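Report on the following structure.
The values are calculated or read from the model by the stated rules, or taken from the named source; none is laboratory data. Remember, predicted model here, so these are calculated numbers, not experimental data. Cβ placement follows ideal geometry from the backbone for every residue including glycine, while neighbour counts extend to all protein chains displayed. Accessible surface is based on the protein model in full, side chains and every heavy atom, while ligands, DNA and RNA are left aside. Shrake-Rupley method; radii C 1.70, N 1.55, O 1.52, S 1.80 Å.
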Amino acid sequence: MDPLSDVLSLLKPRSYISGGFELGGEVAIQFPQHEGIKCYAMLSGQCWLSVESVHDPVLLTAGDCFLLPRGLPFCLTADLSLPPVDFRTLLAEPKLGGADANNEVQRNEDQRRYIAGGHFLLAGSHAETLLQSLPPIVHIQKESDKAAMRWSLKLMKEELNDPQPGGSLITQQLAYMMLIQALRLHLADSAKGSVGWLFALADKQMSAAITAMHDGPGHAWTLQELAERVGMSRSVFALKFKEAVGATPMEYLTRWRMLLAGDRLNNSADSISAIASSLGYESESAFGKAFRRVMGCSPRQYTRRPNPTSPPPSGRERLQLHSQLTVSSSSSA
């Protein structure tokens, strides 16, 4: 796999909820702080997105996609002068979110402001690897980028307007595709001047070095060998890697090895000594020191920690979560 796929696979993103909701013209919906990452697209109409601690609101127009990777509270509204209403308050109104609302949406296709996407929970101990590289809002708005998203958005819109057997699973997969595509587009658009492993992937030489470390985490890599792999001198490679990634090549390699180790400690029956050996450590002691330095605890302590991912929602929670994504307002009619 490529490095981005490696990290996403290790994080094991799980769609907590996916679907769509209509935003009426006379309401500002306030959403609370959330875990994981939210990825949504404006399927039709336009509205404002304001995120706590971000100074300027963002105008979303049809075809725009946005990620909220920091979990900050946010508000969606067609009118910035409206006082925000907590989304849980709207859920208590009997008119909102039922079959009649869905029919109303379909009858007023040209007038509606409709948003769809998904909320993804990530394995807590590794989430920082991805999320620390992203700003509070990732806004995909260039026309060329919208074109790249159009296929998945079109299918999601069709699934939401005309539910079919298996539609929930298809909607989840489409939301996941939106997430990956949005990350790709953000990477391509923001790589220049940005620091972090995610943006380094846009540089062919740095990406080749990162890919080599991901493909062979147990190999005894040296700075010289990595530099030769990408056709650079040792000193120039070391300087450029640090500038692009924000860490030295050996620091990055150690961090990646420990993330792999943490995943195997939680999800395999491999012994600590076997994991240490497979990742290039000659002794369990040396591996343990590196693991503690990066992960903040010993390998044995790590295996005894609670599972960092949240448990699957209960039936009642699923109903509430579904309601979050069927909020509409009769004022949009």
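Things to note:
- Hz values of 3J(HN,Hα) by residue in the stretch 135-140 - Karplus curve (6.51, -1.76, 1.60), Gly and Pro given as x: x, x, 10, 9, 10, 9
- Taking a sphere under 13 Å around the Cβ of M178 and counting the other residues whose Cβ falls inside, with K and R at +1 and D and E at -1, yields a net charge of +3.
- The heavy atoms of W151 present about 150 square angstrom of accessible area, all protein chains included, probe 1.4 Å.
- Amide H contacts under 5 Å for R113, placed H, 5+ residues apart: L23
- Relative contact order, whole percent, for the stretch 170-286 stands at 22, derived from Cα pairs under 8 Å and 6 or more residues apart.
- M177 accessible area, 1.4 Å probe, all protein chains in place, Å² to nearest 10: 90
- Our coupling estimate for the stretch 250-257, obtained by passing each phi through the Karplus curve with A = 6.51, B = -1.76, C = 1.60 and θ = phi - 60°, is 5, 5, 4, 4, 4, 4, 5, 4 Hz, Gly and Pro reported as x.
- These residues, Y40, Y176, go from largest to smallest accessible area, 1.4 Å probe, as Y176, Y40.
- The 3J(HN,Hα) values that the Karplus relation (6.51, -1.76, 1.60; θ = phi - 60°) gives for the stretch 153-166 are, in residue order, 5, 4, 5, 5, 4, 5, 5, 6, 6, 9, x, 10, x, x Hz. Gly and Pro appear as x.
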